[in-house]
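Worksheet: the structure to be examined is printed underneath.
Just so it is clear, none of the values below were taken in a lab; they were calculated from the coordinates. Because the structure is a prediction, the values reported are computed rather than measured. Every residue, glycine as well, gets a Cβ built from its backbone with ideal geometry; the counts of neighbours run over all protein chains shown.
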Amino acid sequence: MTPQDPEELAADVVVVGGGPAGSATAIELSRAGRSVVLVDKAVFPRDKCCGDGLTTLALRELEHLGFSPEQVTDWFRVDGATLRSPSGREVVIPLPDQGTYAAIAPRLQLDDALVQLARKEGVDVRDGNTFRTLDQLDDRVVVTAGDLEIECRYVVAADGMWSPVRKAVGAELDGYLGEWHGMRQYASGVTGPAASRLFVWFEADLLPGYAWSFPLPDGRVNLGFGVLREQGWKGKDIKAVWADLLSRPHILDALGAGHVLEDRHTAWPIPARIDEIPLTAGRVLFVGDAAAATDVMTGEGIGQALLTGRLAAEAILAAGALQPDVATTIYEDEVGYHLAADHRMSLRLGRVLASHRGARGAIRIVGASGVWGRRNFARWMFEDEPRAVVLTPGRWHRGFLGRPGAWSA
Ligand SMILES: Cc1cc2nc3c(=O)[nH]c(=O)nc-3n(C[C@H](O)[C@H](O)[C@H](O)COP(=O)(O)OP(=O)(O)OC[C@H]3O[C@@H](n4cnc5c(N)ncnc54)[C@H](O)[C@@H]3O)c2cc1C
């Protein structure tokens, strides 16, 4: 091999992208005995612009992967949330204490720990290799990434919002910029209630978007906000509102005197169009943000990334190497079953929260309900059960709404 020659590899599956979606896919496949090469353009540990909030869906998927919170140094278990309506009403909603229903885990640490778990499970992790090309033949796919040329049966594209794999197979949506746009910055030296409590602020000028402060250990928080693009938000307005938000009295009160903003703020789009985007292309399956799988009401997508990663792996395992049509059909059906009804429900609820009156009314109702009602609202908000589960009896199960959180044992 001369220095110019690519390193040639063969695997059952190539996973492009080592975020939660890619790691989940790779771990599931490797555990089932398939050979997997995972490529990522970044070298881990790498950061990802995110609120770092883990919903119950994400926690259940992590538990299923055999992941343990101890693998993340700055893991912060959340016991409840404080919601503030546009008119200033604050409601504290507790979460049940049997197991974990919500947690915060910095992506720098979480994603690295997942990649390490994948390595431990036998995945050939080749970080620092940028995906370049993909050639689909009758019975296999040839992928080039960095200095690698890999022959495989399937490609799972877990390469995020801008999915270069989607572009390579010509399945991109023209001019698509994502439904949400989010901005995030860490702060330290937090002495107010935000040091230990999760805050969600429904600000009148952001609706149905919202601002947040998510607690981390030692007086650090993840601060940020998200807005819907269809409401005409442009980059410069987003930047301007950030400075303004940080000077609002209720936000300053929550952070307390002496807090310091760390580093710089970062912004990134959030895709939420699982019902309209192609999920497969030949022997390629799209997962996570590359499948626009985030919750259209909240912009949360780690749980959906882990879930779609698992579903893609299960579809490939069920179909085997020689039946790509079966794999893609199973995957599309499963994604529809798990996420389509919830997406429609979230779209409807998002419209309620879009108005000042709707957001105010929703928080008033939650505030007026008893402890049981608030607890269950919190569980529903953190995706303990799928959003539209009430409308889809096929997904009802024993213990529905009575399940303990993750790692309850
Ligand atoms: C501001 C903000 C706040 C958010 N807050 C939350 C939250 O609190 N909770 C929540 O659940 N979700 C949140 N989300 C959404 C969440 O971040 C995403 O849904 C999630 O990261 C999707 O995971 P993924 O694995 O699909 O993609 P990613 O995490 O984006 O991973 C994609 C990977 O692909 C790699 N890649 C890209 N291009 C290439 C290439 N050419 N070659 C090789 N590799 C490549 C990247 O390096 C990356 O490692 C937030 C998003 C934003 C923007």
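Per-structure values
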{"item": "Percent breakdown of C-alpha pair distances by 5 Å bin, ordered from the shortest bin, for segment 82-166", "result": "3, 10, 12, 15, 15, 10, 7, 7, 7, 7, 5, 2, 0"}
{"item": "Nearest-0.05 FRET efficiency for TRP407 and CYS49, computed from C-beta distance (R0 35 Å)", "result": "0.80"}
{"item": "Among 10-16, 163-169, 121-127, the order from most to least packed when residues are scored by Cβ within 10 Å on average", "result": "10-16, 163-169, 121-127"}
{"item": "Dimensionless Rg ratio for segment 260-319, taking C-alpha atoms and the 2.2 N^0.38 Å reference", "result": "1.38"}
{"item": "Equivalent ellipsoid, segment 175-245 (semi-axes from 5 times Cα gyration tensor eigenvalues, Å)", "result": "25, 11, 11"}
{"item": "Segment 1-129: C-alpha pair distances exceeding 17 Å, %", "result": "63"}
{"item": "Among beta bridges that DSSP assigns inside the chain, antiparallel share in %, nearest 5", "result": "70"}
{"item": "Size of charge dipole - segment 57-153 - debye, nearest 20, with Cβ of Lys, Arg +1 and Asp, Glu -1, no other charges", "result": "440"}
{"item": "Protection proxy ranking, peptides 180-186, 63-69, average beta carbon neighbours within 10 Å, highest first", "result": "180-186, 63-69"}
{"item": "Of VAL165, GLN109, HIS343, farthest towards positive along the dipole that unit charges on Lys, Arg, Asp, Glu beta carbons give the chain", "result": "HIS343"}
{"item": "Gaussian network model of the chain, springs between alpha carbon atoms under 10 Å - residue of LYS236, LYS48, LYS120 with greatest fluctuation", "result": "LYS236"}
{"item": "Taking only Cα atoms of segment 121-262, radius of gyration then Dmax in Å", "result": "21.1, 63"}
{"item": "Using alpha-carbon coordinates, inclination of helix 324-335 to the longest axis of the chain, degrees", "result": "10"}
{"item": "Gyration tensor (Cα) of segment 1-49, equivalent ellipsoid semi-axes in angstrom", "result": "22, 18, 6"}
{"item": "Rounded tilt (10° steps) of 20-31 against the dominant C-alpha axis of the chain", "result": "50"}
{"item": "Beta bridges by DSSP in segment 1-123, antiparallel share as percent, to the nearest 5", "result": "70"}
{"item": "Descending principal axes extents, the chain, alpha-carbon based, whole Å", "result": "64, 48, 43"}
{"item": "Between 0 and 90°, nearest 10: helix 356-368 axis offset from the chain longest Cα axis", "result": "80"}
{"item": "Two-decimal Rg to Rh for segment 116-174 - Kirkwood Rh, Cα set", "result": "0.99"}
{"item": "For the chain, calculated [θ]222 nm from helices alone, where every DSSP H run of n ≥ 4 adds -39500 (n - 2.57)", "result": "-9500 deg cm²/dmol"}
{"item": "Residue among THR266, THR100, THR308 with the largest mean-square fluctuation in a Gaussian network model of the chain, springs linking Cα atoms under 10 Å", "result": "THR266"}
{"item": "Whole-Å distance, taken between Cα centres, linking segment 264-296 and segment 22-63", "result": "15"}
{"item": "Under 12 Å, Cβ to Cβ, from ASP237 - net charge with Lys/Arg +1 and Asp/Glu -1", "result": "+2"}
{"item": "Among GLN136, SER408, SER35 - extreme Cα towards positive end, dipole of the chain, charges at beta-carbon", "result": "SER408"}
{"item": "Total charge dipole magnitude, the chain, about the Cα centre, Cβ charges on Lys, Arg, Asp, Glu only, Debye to nearest 20", "result": "1760"}
{"item": "Dipole in debye (nearest 20) - segment 1-107, about Cα centre, beta carbon charges: Lys, Arg +1; Asp, Glu -1", "result": "380"}
{"item": "Theoretical gain in end-to-end length, GLU276 to VAL326 [0.36 nm per residue, Cα-Cα removed]", "result": "15.9 nm"}
